Every structure is written in C-alpha cells, then in structure tokens.
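The values are calculated or read from the model by the stated rules, or taken from the named source; none is laboratory data. Since the model is a prediction, treat every value here as computed from it, not as a measurement. Here the Cβ positions follow ideal geometry from the backbone for every residue, glycine too, while neighbour counts run over all protein chains shown.
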Amino acid sequence: MDSSIYNAEVISKIMVNPDIMIVQIKTDEPKNEFEAGQNTLLGLYGFEKRSSNSAIESDPAQPDQLIKRPYSIASSTSETQHLEFYISQVKSGQLTPRLFNLNIGDRIYVGTKITGHFRLDETPDGTDIIMVATGTGIAPYISFLRSSIVQRPESKMIVIQGAAHRWDLGYYSELTFLAESYANFFYVPTLTEPDHHWDGYQLPIEALLKKDILQNQFNITPDPERTRFFVSGKPEMVGHVSDWLHDFGYSRHHPDDPGEMYVEEF
Ligand SMILES: Cc1cc2nc3c(=O)[nH]c(=O)nc-3n(C[C@H](O)[C@H](O)[C@H](O)COP(=O)(O)OP(=O)(O)OC[C@H]3O[C@@H](n4cnc5c(N)ncnc54)[C@H](O)[C@@H]3O)c2cc1C
C-alpha cells in the first residue's frame, strides 16, 4: 500500500502507562515557527495495524483512508523539526490505537500547518498565568514552560494538574523539577484515586479551586485584569472551571473577541 504522504519518523516513544504515551517525531523538513500551545495534525492510513490492547473500532476506517486528528505540541517552540506529543489511547478510536502500535523508525504523516489560539504569547506581559489540566490537556503547558518560563520571571506561573492515579500524571518529574528550579513557577498535582503513598491534594480540580487554594497558597484572587487562566482537558472539568471563572468576570478568549480565559477541550 502507498504511504508516500508520510513525511516524518518516530524517534522516541515512552509509555507513561499502557494507554498514555509521549512520542517524539522528526519531520523530514523543518516546520515553520509556531507558538507555544498550538497543535498540528498527525495521520496514519486505515491499513496500519492497531495496538494489541485496543478494542474493536467503533467506526471502522477504510484501508485507504488517511485518518488525521489534531494534537497539541508539547515541545519548545525552538524545536521545529523534533515535535513531541502526549497522547492518550481511545481504545475503540480510529487513530490512537494505530499511533500506539508505532515503533521507533516507523513513518507517519504530520500536518503541514501548525495552528490554534490557545497561546501564551497572546497574554499581556506581567499577568500571572494559571494553567489547569486534566489528562493530555497538560501537553500545551509543557510547551509554554519549555519555551517561555525564563522569559516571564515577573509572572507567577502555576500548573494545576488533575488525574485519577499517580501514574496518570504525565510530566510529573519535569514539572516537579521546574518548580524546584524557578522561584516563579508552582506545580499543584491533585489525585481523585490516590494510593496511600500520596500526600498531596486529593480533590477534583474544581473542588480545589473552590476551596480558595489560589488565594491561600499563592495570594492570587482571580481577577481578569491581573491573572489569565488556561483550561485544557476533559469537557466536564473545562465546563465547571469556566463556570467558576465566569463568576469572577472572566470571558472566554476568541481570536476576534479577546477574553481572559483560554479554553481547549479534548
Ligand atoms: C485542538 C486539539 C488538540 C488535541 N490535542 C490532543 C493531545 O495533545 N493528546 C491527545 O491524546 N488528544 C488530543 N486531542 C484529541 C485528538 O484529536 C483525538 O480526538 C483523539 O486522540 C481520539 O482520536 P481517535 O481517532 O483515536 O478516536 P475517534 O475515532 O475520533 O473517536 C472514537 C470515539 O471515541 C470518542 N472519543 C474521542 N476522544 C475521546 C477521549 N479522549 N476519551 C473518550 N472518548 C473519546 C469519540 O467521541 C468517538 O465516539 C486534541 C483535540 C483537539 C481538538
């Protein structure tokens, strides 16, 4: 079968757990510059094999169909040929079981454009930045931090990451290291199903925010003028946090109607 449209190669694959992976892809040609938080398409043909731990496809792909989906780039913006992605397997999905079956050296399609308005560079200098994530919603923040933490010493930057278990907290080591290394960066992981070794927060993100953790721990009261919020991840969490922010006067950011709350659901 013809796969000549593939324009990149897998150069690294780290399984965070059986259904979450960090994959690095080297494109044949350097990409145009992009902004932290943007996304691009990954694609594989329907004829590619699915992972051994996937389920029956709910909507079977045709063998000659190029299945394409958007993924947030986790790499620094200085990396225009090595792109990193943080991907969760939807077991009955079309693309992710095929992505999970890839090995180092395998070929893949990467979209020609890098797009998206979930961008740190659209926030005013000096504002504090709160980044809220569940699941793979953490990926754009890794790009934010790798690209810009050094350039925003005057902003407090806080990641609040929610997950069920400790092993679902992707990038935990990197985020912990950054929090120990930069005086303006703070990392707040919270688990809803922790084991007995966990001594951190044990609440859903929405409940944590309602308990005034930002005021009590960081002296930040949500104020659209001084603090920008990014909210990324599962739709239910995104909806609850957005509602909570509305009460403080936040509005959702759109390119033609700027707001102080940046939202990405997936
Ligand atoms: C801007 C943007 C950025 C994204 N970035 C990422 C990223 O960084 N990492 C990442 O893993 N995904 C990301 N996604 C989601 C990604 O594009 C795919 O939708 C996802 O990987 C599922 O693709 P699939 O082909 O395997 O499933 P599909 O065949 O598209 O879906 C099969 C079924 O599963 C449902 N489904 C889709 N996603 C989920 C889910 N997460 N949980 C449960 N059910 C689901 C669908 O509604 C459908 O019914 C992003 C989406 C957008 C819009």
Options Thr80, Thr40, Thr27, Thr96: the member that is modelled with pLDDT under 95, β-branched (Val, Ile, Thr) and not assigned by TED's automatic domain parsing to the domain that holds Trp167 | Thr80
Flagged in region 89-105 as among the β-branched types (Val, Ile, Thr) and more than 8 Å from the ligand (Cβ to nearest atom), in numbering order, are Ile104
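Filter region 188-239 down to residues that are within 16 Å of the ligand (Cβ to nearest atom) and touching a strand residue (DSSP E or B) at 6+ places or on another chain (Cβ under 8 Å) and give me whichever is farthest from Val132 (Cα to Cα).
So, considering only residues that are within 16 Å of the ligand (Cβ to nearest atom) and touching a strand residue (DSSP E or B) at 6+ places or on another chain (Cβ under 8 Å), the one farthest from Val132 (Cα to Cα) is Pro235.
One line per residue, one yes/no per condition, for (1) buried (at least 20 other Cβ atoms within 10 Å of the Cβ); (2) away from the ligand (no atom under 13 Å from the Cβ):
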{"position": "Ser54", "(1), (2)": "no, no"}
{"position": "Ser58", "(1), (2)": "no, no"}
{"position": "Thr80", "(1), (2)": "no, yes"}
{"position": "Ile87", "(1), (2)": "yes, no"}
{"position": "Gly111", "(1), (2)": "no, no"}
{"position": "Thr115", "(1), (2)": "no, no"}
{"position": "Asp121", "(1), (2)": "no, yes"}
{"position": "Asp128", "(1), (2)": "yes, yes"}
{"position": "Ser147", "(1), (2)": "yes, yes"}
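Could you run through region 157-178 and say how many residues are on the phi < 0 side of the Ramachandran plot and surrounded by 17 or more Cβ atoms within 10 Å (Cβ to Cβ)? Talk me through it step by step, then tell me what you get.
Just the residues of region 157-178 that are on the phi < 0 side of the Ramachandran plot, to begin with: 157-170, 172-178.
After this cut, where a residue has to be surrounded by 17 or more Cβ atoms within 10 Å (Cβ to Cβ) as well, the list is 157-163, 168-170, 172, 175, 178.
Number of matching residues: 13.
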Got at least one residue in region 212-219 being surrounded by 14 or more Cβ atoms within 10 Å (Cβ to Cβ) and of a type outside the set (A, V, I, L, M, F, W, C)?
-> no
